[in-house]
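Heads up: the structure comes next, in structure tokens.
The values are calculated or read from the model by the stated rules, or taken from the named source; none is laboratory data. If you're wondering where the values come from, they're calculated on a predicted model, not measured in any experiment. Positions of Cβ are backbone-derived with ideal geometry, glycine not excepted, and every protein chain shown enters the neighbour counts. Please note that ligands, DNA and RNA were not included when accessible areas were found on the heavy atoms of the full protein model with its side chains. Shrake-Rupley method; radii C 1.70, N 1.55, O 1.52, S 1.80 Å.
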Protein chains: 2
Amino acid sequence: MNETTPLPRHVPLVVATRGAAVESVHYGSIAVASATGSLVCSAGDVDFPVFTRSTLKPFQALPFVADGGPGRFGFSPEQIALMCASHSGEPRHVAAVADMLARVGCSERDLQCGSHAPLFYAASGIPVPPALPATPLHHNCSGKHAGFLAWCRLHDEPCETYLDADHPLQQAIRRALAGFLDCGENEFVAGTDGCGAPNYALPLARLAYAYARLAAPGEDAGPAADLGTLFNAMTAHPGMVSGERRGDLILMQGAPGDRVAKGGAEGVQALGIASRGIGIALKIADGAPRAVRVATYAVLEQLGLLPPDPRPLLQWRDAEIRNHAGVVTGRLMPVFRLG
Amino acid sequence: MNETTPLPRHVPLVVATRGAAVESVHYGSIAVASATGSLVCSAGDVDFPVFTRSTLKPFQALPFVADGGPGRFGFSPEQIALMCASHSGEPRHVAAVADMLARVGCSERDLQCGSHAPLFYAASGIPVPPALPATPLHHNCSGKHAGFLAWCRLHDEPCETYLDADHPLQQAIRRALAGFLDCGENEFVAGTDGCGAPNYALPLARLAYAYARLAAPGEDAGPAADLGTLFNAMTAHPGMVSGERRGDLILMQGAPGDRVAKGGAEGVQALGIASRGIGIALKIADGAPRAVRVATYAVLEQLGLLPPDPRPLLQWRDAEIRNHAGVVTGRLMPVFRLG
């Protein structure tokens, strides 16, 4: 990387003000696409590959669903939702993942996601207790990894190497993704996710299309039916996809059953809106969560998609910045117009 | 603010990679100026006003030094350094600030900076103890505020309103700043800092010039002598300006007595290099500390200013990004060339 490295042509999306002036700028790009693949509107660069991070999870669960895994092991809709989750490590999440592992004859020791303090604490503003046990079960990706292990059991493939890029599971994920995105597997830019799983970068326009497809009405069989199974589980149990006080839960609760919302690390946010037949994909160039929220609110507002009761989202609109004494010193404000 | 709001023309400075691809981009601008005010080199937009935040502290202490305050109250060079500090709330910092307050007949109760967990913990990677008393003395700006109160005592002005923009102290700061920057007081874009103090935005080129002046050889009397007093105190006691393991301390220890380094919130970094007669000012558009460090290292490298022993800074060069399992998933890398 140097001064000649090709870079995305992001544009200013959100500013932080101080007094009456602009202090900081968050750049980024936004794509809105239909379920037929056409770009509805956008801002910035929708062609540069963006690592999908956790927005990829529903599609990483696709092979397991397509292969009849949930029925075979008796996974509940809540557990299907957990396979697509960045969960908070709440007791309900941890218990449901442990049950998934038991159902497939695995245990916490088989999870290769590592561990971190449950997201519950940051979301609730509660300090992490020093003696807290942060096990792999508490990792926000443990449901995805339990689903990975379940796929291995379903196909009698090795559990020890399930994160290797050439493991049959990871090949099946790439094949499924390429199939329903109608592109070649070699088009995916690859990297390793925060949980050790292979992850892929997609042009924002294509990620938006993927979420439009996820939210499109399902059919009786085939990929659309499998995506429908995932969409229905996620929208019926948004608390299993996210956690108390978290953004994705708030977004999905705003229009129950109609919207799937999934954030990813480094400033990625995806939404699928069934009633409008569209998908939305957003990347904040620098990864700042504060800008993701403000930009997401502005996108919903510009598309006429604010929920009937927008109150839970109002803190994302012109969000106040306060100093240590509690005084408002500035605001976060959108500065883009989708076109 | 909307899509027609004038914005700085920042450029990509640092990227975060994942695998072999660019994942995230941090935009920003950099100015390098001489002590005579000429721009030596730059990247991005050096004319758009940038809130100076804590890089303003030496100049906020200037009126007190110019008026003979340190001698009047017997402030040590360590305490002069503390007036310019974003300190870590280490015991030595807290004790020295308490002593400053006692010397001017004030107490902790007169500090209006609010309180936050001492920066020591974040810098050391130690969890903040739940029962920790975070008093205003521990606030990283408490030395600056003690200096503010000292100025009020020196001039028999009210201590209760020392943060008001029209308080004689704040007027004196603006006058001093305008005087040595050779500009009008009404050119300053004003806002409120995180500690409640009035803060001002300056074009990056002018902030770089201010630090070149701060690091320029002092004279026997006048503003240059007062700036020399501040520079000498800061460079002789960098641990009082910053704290253990903190960036400014590492930068100043790299070339003792030659360099003053001061970071500010929202991605601001300033340096003054006495031996080269230059000042450097850098703004990361989104405020991310990870990008400040990588960009600062690259600036020093491009200017031939890496310290004789660069090892303490090497973690800022092509900094590794690791996931929860400790695996390197990418790097932070500079993508600019000063010109």
Query raised in the report: So, counting K/R as plus one and D/E as minus one, what does the shell of residues with Cβ under 12 Å around B:Phe336 add up to?
Result: -1
Requested in this report: On the protein heavy atoms, probe 1.4 angstrom, tell me the percent of accessible surface of the protein assembly as shown carried by carbon and sulfur.
Outcome: 51
Report summary line: A:Trp151 neighbourhood, Cβ < 10 Å, K/R = +1, D/E = -1, net charge -1
Report task. State, as an integer percentage, the relative contact order of chain A based on alpha-carbon contacts under 8 Å between residues 6 or more apart. Result -> 25
Report task. List the distances, in nm and shortest first, from the label point of A:Pro308 to the matching label points in every other copy, placing each point 7 Å from Cα along the Cα-to-Cβ direction. Result -> 7.4
**Report entry** Which of A:Tyr211, A:Gly254, A:Gly267, positive extreme of dipole for region A:45-285 (C-beta unit charges)
**Finding:** A:Gly254
Report summary line: GNM on chain A, Cα springs under 10 Å; top mean-square fluctuation among A:Val50, A:Val22, A:Val292 goes to A:Val22
Query raised in the report: Dipole size in debye (nearest 20) for region B:183-273 around its Cα centre, Lys and Arg Cβ +1, Asp and Glu Cβ -1?
Result: 300
Report summary line: For the table A:Lys262/B:Lys283; A:Lys144/A:Lys283; A:Lys57/B:Lys283; B:Lys144/B:Lys283, the rows whose alpha-carbon distance is greater than 26 Å are A:Lys262/B:Lys283; A:Lys57/B:Lys283
Report summary line: Under a Gaussian network model of chain A whose springs join Cα atoms within less than 10 Å, the largest fluctuation of A:Ala81, A:Ala265, A:Ala102 belongs to A:Ala102
Report task. Could you tell me which residue in chain A puts its beta carbon nearest the axis mapping A onto B, with the distance rounded to whole Å? Result -> A:Asp286, 2
**Report entry** Surface per residue (accessible, 1.4 Å probe) for the protein assembly as shown, Å²
**Finding:** 36
Query raised in the report: For A:Gly263, what is the net charge nearby, where nearby means another residue's Cβ is under 9 Å from its Cβ and Lys, Arg count +1, Asp, Glu -1?
Result: +2
Query - Expected 222 nm ellipticity per residue - DSSP helices of 4 or more, -39500 (n - 2.57), all of chain B, to 500 - result: -10000 deg cm²/dmol
Query raised in the report: Relative to the isolated chain, which residues of region A:186-200 have their accessible area cut by 50 Å² or more in the presence of all protein chains (1.4 Å probe, heavy atoms, no ligands or nucleic acids)?
Result: A:Thr192
Query - Rounded if a/c under 1.5, otherwise prolate or oblate - region A:45-285, Cα gyration tensor axes - result: rounded
Query raised in the report: Where the centroid of each part is defined by its Cα atoms, how far is region A:53-74 from region B:1-77 in Å?
Result: 49
Query raised in the report: What accessible area, summed over both chains, is buried at the B-A interface (1.4 Å probe, Å², nearest 100)?
Result: 4100
Report summary line: Averaged over the residues of B:326-337, the number of partner chain Cβ atoms within 10 Å of each residue's own Cβ comes to 3
Report summary line: Under the rule rounded for a/c under 1.5, else prolate if a/b exceeds b/c, else oblate, using alpha carbon gyration tensor axes a ≥ b ≥ c, the protein assembly as shown is classed as prolate
**Report entry** Protein-protein interface of region B:1-45, residues with accessible area decrease of at least 30 Å², isolated chain reference, 1.4 Å probe
**Finding:** B:Met1, B:Glu3, B:Leu7, B:Arg18, B:Ala21, B:Val22, B:Glu23, B:Ser24, B:Val25, B:Tyr27
**Report entry** A:Cys106 accessible area, assembled protein chains, probe 1.4 Å, Å²
**Finding:** 20
**Report entry** chain A, dipole about Cα centre (Lys/Arg Cβ +1, Asp/Glu Cβ -1), debye to the nearest 20
**Finding:** 940
Requested in this report: Using only Cα atoms, locate the centre of region A:170-198 and the centre of region B:190-251, then give the distance between them in Å, rounded to an integer.
Outcome: 50
Report task. Please get the size of the charge dipole for region A:272-313, origin at its Cα centre, with Cβ charges of +1 on Lys and Arg and -1 on Asp and Glu, quoted in debye to the nearest 20. Result -> 60
